[in-house]
Structure formats: structure tokens, C-alpha cells
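I have placed the structure first, in the form of C-alpha cells, so that the comments after it can refer back to it.
The values are calculated or read from the model by the stated rules, or taken from the named source; none is laboratory data. Computed from a predicted structure; not experimentally measured. Cβ placement follows ideal geometry from the backbone for every residue including glycine, while neighbour counts extend to all protein chains displayed. The area values use the complete protein model at the heavy-atom level, side chains included, leaving out ligands, DNA and RNA. Shrake-Rupley method; radii C 1.70, N 1.55, O 1.52, S 1.80 Å.
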Amino acid sequence: MPNSEKHETLNPQEPTQNWFASWFDTPYYHILYKERNYREAQIFMDNLTHYLNLPEKAKVLDLACGKGRHSIYLNQLGFTVLGADLSENSIAEATKNSNENLQFKVHDMRETFEEKFDAIFNLFTSFGYFENDEDNLITLKAIKNSLSEYGFAVIDFMNVNQVLDTLVPEETKTVDGIDFYIKRYLKDGHIYKEIDFEDKGQKFHFTEKVKALTLKDFEELMEEAGIFLLDVFGDYKLKKFHKTESERLIMIFK
């Protein structure tokens, strides 16, 4: 279990730098989200790699890979994969699955890679975490500059319009005997999720905070970064994006 220094109380009135560096490194993050639909994620990977027509053994970067489930699956599809994440704990866990064509490293997504990739995937709303909005532009430029000449990048983000329309302000989720009390709200252009729970007699409080970026916001950022937006999809079956109804905002660019 991480030491208590990891367990910062994050007050939305006083934003703490890099909330994700502490929350993603705790075992509780993985407990809360353990029920995520990985079969759906694999179907998404199948559809995406087919759509991009990636060559055999293409070099793929899974950016913000977490514990590497999707990196592992992409490797099983025959690609040479690097999984990168800021969380040292997640990378330590992911590295147990390494092989000749599957590697993992701790990496800040704002930094360009020296090596170039045929595809870069940033999946499941792993963007827009930064305290400074300028860092979102820096990240996009880093992705662009890490692509090979014929490479494609993909950002899979929430569809902010649909999320706000269906936002559940408060709920309790019980996982592995832990009651997670969750509050959600929009404030200062960010979607907040406050998470409170108790375990082993200790109280914890974490706040997730993601910039509420719409397609229009991304288009403006991409134009500034010199990026070409090629296609936009609205779900993991790659149906066309619909502003109010689509579950996801999936952008293909180079």
C-alpha cells in the first residue's frame, strides 16, 4: 500500500499540481475501475488497427497505457508496442508482461519521443489532465513529432456534450468491500469527480479533473499544432460522430 504522502486531499478550490500522479499510483484507482469493459476495448483495437491498415509489426505507442492491458492486446495482434505512462507503479506492473516486441517505460506525454511510431494511441480519456492549458497543446505537438512520416495518431476522448447531458451528480459504488462515494460536477471548464472512501480505518479523498474539451476545442488546438484531423468517430465500432448522442469523441490525425 502506498505511503500516506501519496494520499493528498485535493480541494477543487485550490487545484493541486498533477493530481493524476498521486491518484493513478494508488491501488484504489485500479480497484474502482476494475469493471471496465475490456472486451469492448479489444473490439475497438481490432476496428482501429483495421481502419488504419497498419503494416505487420508496425511500431505502436500506447500513450498513457496504465497497467498495459491494451498494449498487451496490441502486441498479441502482431504489433511492436511501447506502452508509456507517468505512473511508476503502473509501469512496474505492466513490465511483468514485457517481451522482445512489447516494452514499457515511464514517460511524460508532454515530451517528444526520439524514436518514431507508425501509430500513437491515446485511449479512454487520457488527455486534458494538466493544470496549465498550454500543456494540452504541448502534448499534441509531442504526439505529432513522435509520428513517422506515414504514421497516424488517435485520441479517444469523452464526448463532453453527452457526458454533461447524462452526468450523475452523486453515486456510491461498492467494489471489493470498499464504498466509493462519488460526486461529479462542471466547474471552470473542467469536469470534476470527487472520490471519498475509507479502508483499513483510514479516510481517503481524491479528485479527478479533466478539461471539458469539445471537438471544436480540439480542432482549434490541432490547427495551432499544425495537425491534420483526418476523421472523427463517435463510438468503438467507429460509427460517425454525433455531437449530442455519441458516447465517445475519437479523432484520427497526423
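Rule-of-thumb check for the range 27-90: C-alpha Rg over 2.2 N^0.38 Å?
1.18
Around Gly78, with a cut-off of 11 angstrom between Cβ atoms, what is the net charge of the other residues, counting Lys and Arg +1 and Asp and Glu -1?
0
Given contacts defined as C-alpha pairs under 8 Å and at least six residues apart, what's the relative contact order of the range 78-123, whole-number percent?
40 percent
Nearest 500 deg cm²/dmol is fine: what mean residue ellipticity at 222 nm does the chain get from its DSSP H runs of n ≥ 4 alone, each adding -39,500 (n - 2.57), divided by its residue count?
-7500 deg cm²/dmol
Mind checking which aspartates and glutamates have their Cα closer than 13 Å to the Cα of Lys237? Skip sequence neighbours fewer than 8 apart in that chain.
In chain and number order, the partners are Glu40, Asp46, Asp156, Glu247.
Using the Cα atoms of the range 198-239 to build a convex hull, what is its mean projected area in square nanometres?
With every direction weighted equally, the projected area is 5.7 nm².
Around Phe152, which amide H atoms from residues at least 5 apart in sequence, or from another chain, sit under 5 Å from its own amide H, with H modelled in the peptide plane?
Ala119, Ile120
Just list whichever of Lys116/Lys239; Lys96/Lys183; Lys141/Lys209; Lys183/Lys240; Lys173/Lys240; Lys96/Lys141 have alpha carbons separated by over 25 Å in the model shown.
Correct reply: Lys116/Lys239; Lys96/Lys183; Lys183/Lys240; Lys173/Lys240; Lys96/Lys141.
Using only the alpha carbons, work out the radius of gyration and Dmax of the chain in angstrom.
Computed over the Cα atoms of the chain, radius of gyration and Dmax are 17.9, 54 Å.
Which order do peptides 186-197, 241-252 fall in by mean Cβ count within 10 Å, highest first?
Ranked from most to least packed, the peptides come out as 241-252, 186-197.
Leaving ligands, DNA and RNA out of it, report the carbon-plus-sulfur percent of the accessible area of the range 15-122 at a 1.4 Å probe.
Of the solvent-accessible surface of the range 15-122, carbon and sulfur hold 45 percent.
Quick one: Karplus J couplings for the range 65-75, per residue in order, coefficients 6.51, -1.76, 1.60, θ = phi - 60°, nearest Hz, x for Gly and Pro?
3J(HN,Hα) across the range 65-75, in whole Hz: 7, x, 7, x, 4, 6, 4, 4, 5, 4, 5.
At 1.4 Å probe size, with every protein chain present, just tell me what the per residue accessible area of the chain comes to in Å².
Accessible area per residue, the chain: 50 Å².
Charges only on Cβ, +1 for Lys and Arg, -1 for Asp and Glu: so what's the dipole of the chain about the Cα centre, in debye to the nearest 20?
Computed charge dipole of the chain: roughly 620 debye.
Give the separation of the Cα centroids, the range 165-244 to the range 79-132, in Å.
Going from one Cα centre to the other spans 20 Å.
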